[in-house]
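Below: one structure, written as C-alpha cells.
The values are calculated or read from the model by the stated rules, or taken from the named source; none is laboratory data. The structure displayed is predicted, hence computed values, not measured ones. Ideal geometry is used to build each Cβ from the backbone, glycine not excepted, and the neighbour counts take in all protein chains shown. Side chains included, ligands, DNA and RNA excluded: accessible areas come from the protein's heavy atoms. Shrake-Rupley method; radii C 1.70, N 1.55, O 1.52, S 1.80 Å.
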Amino acid sequence: MAKVIIDGVEHDFDPDLTILQACEEAGAEIPRFCYHERLSIAGNCRMCLVEWEGAPKPIASCAMAVKDLRPNRDGSPARIRTSSPTVRKAREGVMEFLLINHPLDCPICDQGGECDLQDQAMAYGHDDFHRFDENKRAVDDKYMGPLIKTIMTRCIHCTRCIRFATEVAGVSELGATGRGEDMEITTYLEKALASELSGNVIDLCPVGALTSKPYAFTTRPWELRKTESIDVMDALGSNIRVDVRGREVMRILPRLHEDVNEEWISDKSRFIWDGLRKRRLDRPYVRRDGRLEPATWAEALGAVAEKMKATDPARMAALVGDLPPAEAIYALKALTDRLGIVHRDCRQDGAQLSGSPREAYLFNTTIAGIEAADACLLIGTNPRREAAVLNARLRKRWLMGAFEVGLIGEAVDLTYDYAHLGTGPDTLEALARGEGAFAQVLDRAARPMLVLGMGALARPDGAAVLRLAAELAGRTGMIVAGEGEAAGWNGFNVLHTAAARVAAMDIGFLPGEKGRDTTGILAGAEAGEIELVYLLGADEFDPARLEKPFVIYQGHHGDAGAHAADVILPGAAYVEQAGLYVNTEGRVQQARRASFPPGEAREDWAILRALSERLGMALPFDTLSAAQGALAGAVPGFTTIDHAPGAMGARPGMLASVGTKGALHKAPFRAAVSDFYRTNPIARASAVMAECAALFAGGAVSEAAE
C-alpha cells in the first residue's frame, strides 16, 4: 500500500490506482470527460487536474498512478489538493477552452438534462466574461447508421467513442482525422457502425455529439418514469432501465451489473422499444367461419375451456416460447399436470437438452468467470450474435492475454483471434479423443472452458453432440471439485438464446412420460394425432404446420403463433408485467413492470389462473406474489434472487450420463442466430430493427411477419 495525503488527510492506496481513483476513494469529487473506468486512459480533456504539492503545474489525475508520486524530501507522503484555488482556476480555464467552439443549442439538444458538460459548466463555467472573439468552428455531421444521430459541432474530442469501438466492441471503424481545430471524429468511409454494441457510445458521450436517432426530439428525461428491469432479447439477462412517458416506452438504457452485463447492452436490447407499440394483440379473438373476430374475455376463455374439456388429454399439447416469465410457465405447467397433458416442451428450436443434472444446461463458468479462464472452445455458436455482451466479455479476456480460443462451426468475425478447428461433429469427436493441437491447449490449461451453442444442440444428433462435449470436459479436467464458487471450477457451458429457456427447464416444462417434444408435437399436429395445441408466446415455427389442430395462442404480438390461432388470448410484453427470469448462467432475476399492456391484454399468469377456474381446477394463487411463492415452494432455486450457482457443487463425472451415444451427422454446425436484429416477435415488429436488418444482414425491410 502507498500513503498519500489528499486534502490534508493521509490515506493508504493500492499503488496501481490512478490518482483520480485514489481521490474518489478518499471522498473527493473529480470532474472528467475523457476518463472512463472501462476504457484505456487518454488524458486529453484535462478536466481532472489536481495540484501535487511541489510540482510546477497541475497534473492530470487520470493519467498518473499513485506509484508515480514520489515522497517529499523529508520522507513524508506526497500531498494532493483537489479543491485549492489553483485547481479551481485550472479547471475553469479548461472549461472555458472546451466551450470556445461548443454551440449554444442546449434547448434543442437531446442530451439536455443528462449532459456532463452542462453539469460541470455549472460548477466551473463563467457567464460574465470570455477571452475569445474568434468565430466558432462548425463540423459536418457524420453518418453512423440508423441508430446513432451525430451533431459533431458539439464534440469535445474526448475519444470515448473511439476507444469503446476499438477496445470493447472490437470494430476499428471510428477514429480521428486532422489535427488541432481540424480534428474530427469520423467513421472514415461514412458507413454505418457495424457493431451489435454500437448504441453504447450514446451513453459514453459526455456531450450531445452522439445521441439516439430513434429517440431524437421525443421527450425530456425529467418527463420519464424510470423502472429497473431485465432484458429478454437474449438469454444473458442484461440489467436495463425502462423509461416510460404515460403508457409508452420511450427508451431503454443499460443498468450497472458487474457480473452480468457490466454497463453495456446490445443494440437490439436498446432500440427494440418501437416494436412494443406495433402489431400488438390488445383484445381476445375467436375464429368463426374461418376468420378471427374480436370477442370478450368470457367468450374466449369459454371457447378454450369447452374445447379442452371435450378433447382427450393424450391428444393435447403445450409449447412455451422464448419470452414468458417464470410465473406464467409455472402456471401452465401446473395446469397441464392437472389436465394430464404429457406432450409439452419449452425447446422451440428442438435443442436436445435434458432437465437433469441442472449443470448440463447452464453456463457454469458464469459470465464474470470468463475472466478467470485460460482457454476456450466454442462449439456451434456465434456469441457475437447470440449474446453480444457476453462476446464482449470474451474479447475482454482475450485482450488480457494468455487466452487461446478455438471454434468448431462457421468461420465468423468474433472481434478477437481464434483457431478455426473445423465445422462439424467430426472435429469435436477428434478433440474428445485428444487429437489435434487444440486438444493439447485444453490439456495444458489450468481453467479451460467450452461453450456449447444451440447450433450444435438444435439438430437431430444434438444429444450425441452433448455427450461428446461432456466427455471432452471430463477428459480435459474442465470440472474441478470444490465447495464455494472460488474453490471449484466448472468449464462446461451451454449458451442459450431464449430468455425463458432456463426457467422453463428448471420448472420442468418438458415432455412427460411417453410425451412428445416440439418436433413430435408439430409432426403429430400435421398428422392429425394432436388435436389441440396451447402456445404460450411460441412463435418460432412455421404456422402452416398447425393447420389441423385447434390452436390457442397466448401472447402479445401478431406473429406466427397468432396467425395459426383459433383463439387468441392477449398477454403482456416483458416491460408490461413483473416476473422472474433465469439467465443462461442460472441467475434468477426480477423484472419489474414499467408500463401497462394495451387494451384488454392481461398479465400471462393471470390469464392462466382465469382459464384454470373456467376448467374447474383453479390454480392455488390469486396474486403474483402468491404465484411466486408457489413457484419457490415447487422449485427451490427460485428462492434466491441474483445469484449464479457457478461451480458450487461441481464434481468430476457429474456429466457422465449427459446426452446419449448415437450416430453423428456429417452436416456442419450452423449458428442458431442468422439475423441478429429479428429473433423474436417484438424485434420483427420493430421498424428500427427491420432497417438494421436490411442494412447489416441484407434482409428486406418489413415491420413484421405477414
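Brief remarks follow.
- Evaluation of residue 657 against the conditions (1) of a type in the set (S, T, N, Q); (2) assigned to a helix (DSSP H, G or I); (3) loosely packed, with under 15 Cβ neighbours inside 10 Å shows that the sole unmet condition is (2).
- Filter result for residue 694 (of a type in the set (A, V, I, L, M, F, W, C) and in contact (Cβ under 8 Å) with a residue 24 or more places away in the chain): no
- Some residue of segment 434-447 being in a loop (DSSP other than H, G, I, E, B) and touching a Phe, Trp or Tyr at 6+ places or on another chain (Cβ under 7 Å): yes
- Considering (1) surrounded by fewer than 21 Cβ atoms within 10 Å (Cβ to Cβ); (2) over 30 Å from residue 265 (Cβ atoms); (3) in contact (Cβ under 8 Å) with a residue 60 or more places away in the chain; (4) of a type in the set (A, V, I, L, M, F, W, C), the lone condition that residue 442 does not fulfil carries the number (1).
- Scope segment 622-657; condition under 12 Å from residue 586 (Cβ atoms) and polar (S, T, N, Q); matching residues: 640
- Boolean, residue 423 is under 17 Å from residue 646 (Cβ atoms) and hydroxyl-bearing (Ser, Thr, Tyr): no
- Applying the condition of being of a type in the set (Lys, Arg) and part of a loop (DSSP other than H, G, I, E, B) to segment 584-641 and asking which residue is least open to solvent (accessible area, probe 1.4 Å) yields 587.
- Within segment 394-412, the residues that satisfy the criterion of being in a helix (DSSP H, G or I) and either open to solvent by 10 Å² or more (accessible area, probe 1.4 Å) or free of Cβ contacts under 8 Å to residues at least 12 places away in the same chain (or both) are 395, 396, 397, 398, 399, 400.
- Scope segment 1-28; condition touching a residue at least 40 places away in the same chain (Cβ under 8 Å) and acidic (Asp, Glu); matching residues: 7, 10, 14, 16
- Test: residue 90 is touching a His at 6+ places or on another chain (Cβ under 8 Å), open to solvent by less than 40 Å² (accessible area, probe 1.4 Å) and modelled with pLDDT of 90 or more: no
- Residue in segment 128-140 that is closer than 24 Å to residue 215 by Cβ and open to solvent by less than 10 Å² (accessible area, probe 1.4 Å) present: no
- Pairs where the first residue, in segment 74-101, is of a type in the set (Lys, Arg) and the second is open to solvent by 90 Å² or more (accessible area, probe 1.4 Å), C-beta under 7 Å, 6+ apart: none
- Test result for residue 581, without any contact (Cβ under 8 Å) to a residue 24 or more places away in the chain and crowded, with 24+ Cβ neighbours inside 10 Å: no
- Residue that is nearest to residue 274 (Cα to Cα) [pool: residues in segment 530-576 that are among the aromatic types (Phe, Trp, Tyr) and surrounded by fewer than 23 Cβ atoms within 10 Å (Cβ to Cβ)]: 541
- Lone unmet requirement of (1) part of a loop (DSSP other than H, G, I, E, B); (2) in contact (Cβ under 8 Å) with a residue 40 or more places away in the chain for residue 548: (2)
- Here residue 169 qualifies as in contact with an Asp or Glu (Cβ under 9 Å, 6 or more places away or on another chain), touching a residue at least 40 places away in the same chain (Cβ under 8 Å) and open to solvent by less than 30 Å² (accessible area, probe 1.4 Å).
- When residue 141 is tested against (1) within 30 Å of residue 224 (Cα to Cα); (2) more than 36 Å from the chain's Cα centre (by Cα), exactly one condition is not met: (2).
- Taking the criterion of being more than 28 Å from residue 300 (Cα to Cα) and touching a helix residue (DSSP H, G or I) at 6+ places or on another chain (Cβ under 9 Å), no residue of segment 591-609 qualifies.
- Options 423, 415, 381; residue that is hydroxyl-bearing (Ser, Thr, Tyr) and buried (at least 24 other Cβ atoms within 10 Å of the Cβ): 381
Results for (1) touching a Lys or Arg at 6+ places or on another chain (Cβ under 8 Å); (2) surrounded by 24 or more Cβ atoms within 10 Å (Cβ to Cβ), shown as yes or no for each residue.
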residue: 461; (1), (2): no, no
residue: 469; (1), (2): no, yes
residue: 492; (1), (2): no, yes
residue: 517; (1), (2): yes, no
residue: 528; (1), (2): yes, no
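- Residue in segment 56-73 that is in a loop (DSSP other than H, G, I, E, B), over 16 Å from residue 120 (Cα atoms) and small (Gly, Ala, Ser) present: no
- Under the condition of being touching a Phe, Trp or Tyr at 6+ places or on another chain (Cβ under 6 Å) and outside any strand (DSSP E or B), the residues counted in segment 219-236 number 1.
- Near pairs, Cβ below 9 angstrom, 6+ apart or cross-chain, from segment 233-254 (farther than 23 Å from residue 582 by Cβ) to any residue that is crowded, with 24+ Cβ neighbours inside 10 Å and of a type in the set (Phe, Trp, Tyr): 251/271
- On inspection, residue 390 does not qualify as farther than 22 Å from residue 581 by Cα and surrounded by 24 or more Cβ atoms within 10 Å (Cβ to Cβ).
- Residue within segment 58-74 that is open to solvent by 20 Å² or more (accessible area, probe 1.4 Å) and within 24 Å of residue 205 (Cβ to Cβ) present: yes
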